[in-house]
Amino acid sequence: MNTWNTWGRCMRAALGILGLTGLLALMAVPVRAAELVVGQVAPLSGVLASTGTQMVLGGKIYFDAINAQGGVHGVTIRQWVVDDGYKVPDTVRLTREMLARPEVVALYGFAGTANVTQLLTDGVLEQGGAALVAPYTGGESLRSPFNPWIFHVRAGYGDEAEHMVQQLTTLGMNRVAVMYQDDGFGKAGLAGVEAALARRNLKLVVSAGYERNTDKVDDAVKAIKAADVHAVIMIAINKPAAAFIQRYREQGGGAQLYNISVVDPTELVKLAGLKNAHGLGISQVVPYPFRPQLPVVREYQTLLKKYAPEAEVNYTSFEQFLGAKVLVEALRRAGPAPTRAKVVKALESLQNYDLGGISLGYSPTNRLGSRYVEVTVIGANGRLMK
């Protein structure tokens with residue numbers, strides 16, 4: 001068969017139907033995807049399952065709302081979610097599989113300092129050329145040195161540690177212990193606390209770790225209780241944090257307890273008991289989502305009620321809601337036929353971008369969208385108070 005003759009016959013037929021002008025116009029239209037696929041690897045099983053569920057929900061309600069309005073440039077968003085169980089090898093494998101699919105234009109909302117660090121170490125994000133927006137981690141190793149692939153919505157653990165240490169030392173509590181997860185996440189938080197204390201000419205009294213993906217904290221309870229400290233800062237996730245709180249209090253530990261932002265207070269109260277969890281301070285990296293004072297909080301509460309009426313307001317889902325808003329705006333700015341590279345450029349253009357009373361900003365040399373931190377406390381009714 002003569003390929004050129006065949007092509008010529010097809011062209012003549014097309015010209016006969018469309019005319020030259022119509023055919024050229026048709027050829028100039030870029031091919032548009034049937035949907036915009038956003039890949040999310042999240043811990044939907046294992047020790048971080050309740051957090052992972054909230055992470056997915058926060059994005060889902062916003063993507064659902066955008067799709068109900070016709071999507072982005074007329075194309076709907078598909079949130080492709082897979083479960084890594086908070087296991088580093090699974091995070092790496094699943095991310096590689098996602099990035100092998102060309103329809104995935106960006107990644108969103110992963111969890112775990114060690115998990116995301118391994119993606120950088122193995123070059124997975126660089127090889128895939130895709131932005132990762134709003135990972136649920138404050139690890140400093142993901143912020144410094146600069147890497148171009150991760151766009152942070154939350155403050156770093158160093159920022160959280162500084163805020164907590166400032167608060168407790170202002171109150172005269174200078175004997176401080178740290179209970180931490182023995183991995184990249186926990187060590188990042190531990191280093192942040194040590195640095196914050198050093199700026200005040202103080203040293204950590206004791207630090208005690210626990211094994212990742214367990215709630216084996218008995219040794220940490222014993223070491224910290226014996227040290228007779230004023231305050232304990234926990235760099236821990238829900239189940240081990242709750243186990244420490246419960247056992248430390250039941251064994252007579254009386255120090256003020258703090259935890260870094262990655263815990264769900266409702267889950268802590270459920271697991272540790274209100275008597276033990278009452279008074280726990282938790283640092284937060286987004287504004288208080290329980291009172292609709294900011295426009296973006298009102299939007300979040302309205303969409304949560306509409307698309308997930310059984311769900312309750314939650315810091316984690318609100319944080320990921322903000323991340324979804326950032327990503328959708330980038331998809332808009334990337335144009336009708338977005339590529340991974342166009343999405344990265346669009347994210348870089350979000351300088352001092354107002355989400356509705358909360359501003360974030362990126363640039364070609366900055367990926368730290370926010371440094372916001374405040375401390376909340378679990379009240380007598382089990383709910384968070386400012």
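The values are calculated or read from the model by the stated rules, or taken from the named source; none is laboratory data. Computed from a prediction, not measured in an experiment: that's the story for all the values here. Cβ atoms come from the backbone with ideal geometry, glycine included; neighbour counts cover every protein chain shown. Note: areas computed on protein heavy atoms with side chains; ligands, DNA, RNA excluded. Shrake-Rupley method; radii C 1.70, N 1.55, O 1.52, S 1.80 Å.
Assigned to a strand (DSSP E or B) and either open to solvent by 80 Å² or more (accessible area, probe 1.4 Å) or at pLDDT 95 or above (or both), is that true of residue 92? Please lay out each step first, then the result.
Details: assigned to a strand (DSSP E or B): no; either open to solvent by 80 Å² or more (accessible area, probe 1.4 Å) or at pLDDT 95 or above (or both): yes.
In short, no.
Among the residues of region 31-74 satisfying the criterion of being under 20 Å from residue 215 (Cβ atoms), part of a loop (DSSP other than H, G, I, E, B) and of a type outside the set (Gly, Ala, Ser), which is modelled with the lowest pLDDT? Show your work before the answer.
First, the residues of region 31-74 that are under 20 Å from residue 215 (Cβ atoms): 43-54.
Keeping just the survivors that are part of a loop (DSSP other than H, G, I, E, B) gives 43-48.
Filter again for of a type outside the set (Gly, Ala, Ser), leaving 43-44, 47-48.
On the way: 43: 97, 44: 97, 47: 87, 48: 91.
Among those residues, the one meeting the criterion is 47.
Within region 335-367, which residues are crowded, with 19+ Cβ neighbours inside 10 Å, within 30 Å of residue 288 (Cβ to Cβ) and not small (Gly, Ala, Ser)?
Hits for region 335-367 are 347, 348, 350, 355, 358, 360, 362, 367.
Those residues that are among the basic types (Lys, Arg) and closer than 26 Å to residue 335 by Cα, I need them from region 63-102; list them, please.
Taking region 63-102 as the starting set, the residues that turn out to be among the basic types (Lys, Arg) are 78, 87, 93, 96, 101.
Hits for region 63-102 are 78, 96, 101.
Filter region 128-147 down to the residues that are surrounded by 19 or more Cβ atoms within 10 Å (Cβ to Cβ) and of a type in the set (Ser, Thr, Tyr), then identify the one that is farthest from residue 285 (Cα to Cα).
141
Does region 259-284 hold any residues that are open to solvent by 10 Å² or more (accessible area, probe 1.4 Å), in contact with a helix residue (DSSP H, G or I) (Cβ under 7 Å, 6 or more places away or on another chain) and under 26 Å from residue 172 (Cα atoms), and which are they?
Looking only at region 259-284, we keep the residues that are open to solvent by 10 Å² or more (accessible area, probe 1.4 Å), and these are 264-267, 269-271, 273-276, 278-279.
Pick out the ones that are also in contact with a helix residue (DSSP H, G or I) (Cβ under 7 Å, 6 or more places away or on another chain) and you get 264, 267, 269, 271, 273, 276.
Scanning region 259-284 gives a single hit, 276.
Checking the condition touching an Asp or Glu at 6+ places or on another chain (Cβ under 6 Å), open to solvent by less than 10 Å² (accessible area, probe 1.4 Å) and not hydroxyl-bearing (Ser, Thr, Tyr), which residue from 155, 161, 196, 188 passes? Show your work before the answer.
Working: 155 fails: touching an Asp or Glu at 6+ places or on another chain (Cβ under 6 Å); 161 fails: touching an Asp or Glu at 6+ places or on another chain (Cβ under 6 Å); 188 fails: open to solvent by less than 10 Å² (accessible area, probe 1.4 Å).
Residue meeting the stated conditions: 196.
For region 208-256, which positions are among the hydrophobic types (A, V, I, L, M, F, W, C) and either surrounded by fewer than 24 Cβ atoms within 10 Å (Cβ to Cβ) or over 26 Å from the mean Cα position of the chain (by Cα) (or both)? Spell out the reasoning first.
Restricting attention to region 208-256, the residues satisfying the condition of being among the hydrophobic types (A, V, I, L, M, F, W, C) are 208, 217, 220-221, 223-224, 226-227, 229, 231-237, 241-245, 255.
Listed by number, the residues that qualify are 208, 220, 221, 223, 224, 226, 227, 229, 231, 243, 255.
If you go through region 105-127 one residue at a time, do you hit one that is more than 28 Å from residue 211 (Cα to Cα), part of a loop (DSSP other than H, G, I, E, B) and open to solvent by less than 10 Å² (accessible area, probe 1.4 Å)?
First, the residues of region 105-127 that are more than 28 Å from residue 211 (Cα to Cα): 105-107, 126-127.
Adding the requirement that they be part of a loop (DSSP other than H, G, I, E, B) leaves none.
No, region 105-127 contains no residue that is more than 28 Å from residue 211 (Cα to Cα), part of a loop (DSSP other than H, G, I, E, B) and open to solvent by less than 10 Å² (accessible area, probe 1.4 Å).
May I ask you to verify whether residue 85 is on the phi > 0 side of the Ramachandran plot and either part of a loop (DSSP other than H, G, I, E, B) or open to solvent by less than 10 Å² (accessible area, probe 1.4 Å) (or both)?
Values: on the phi > 0 side of the Ramachandran plot: yes; either part of a loop (DSSP other than H, G, I, E, B) or open to solvent by less than 10 Å² (accessible area, probe 1.4 Å) (or both): yes.
Considered against the rule, which asks whether it is on the phi > 0 side of the Ramachandran plot and either part of a loop (DSSP other than H, G, I, E, B) or open to solvent by less than 10 Å² (accessible area, probe 1.4 Å) (or both), residue 85 comes out as yes.
Applying the selection to region 178-204, what residues are assigned to a strand (DSSP E or B) and aromatic (Phe, Trp, Tyr)?
Just the residues of region 178-204 that are assigned to a strand (DSSP E or B), to begin with: 178-181.
Scanning region 178-204 gives a single hit, 180.
So which residues in region 169-185 are buried (at least 21 other Cβ atoms within 10 Å of the Cβ) and within 17 Å of residue 229 (Cβ to Cβ)?
Listed by number, the residues that qualify are 176, 177, 178, 179, 180.
Search region 209-223 for residues that are more than 18 Å from residue 257 (Cα to Cα) and pair each with any residue that is open to solvent by 40 Å² or more (accessible area, probe 1.4 Å) when their beta-carbon atoms are under 7 Å apart and the residues are at least 6 apart or on different chains.
211/182; 212/182; 213/46
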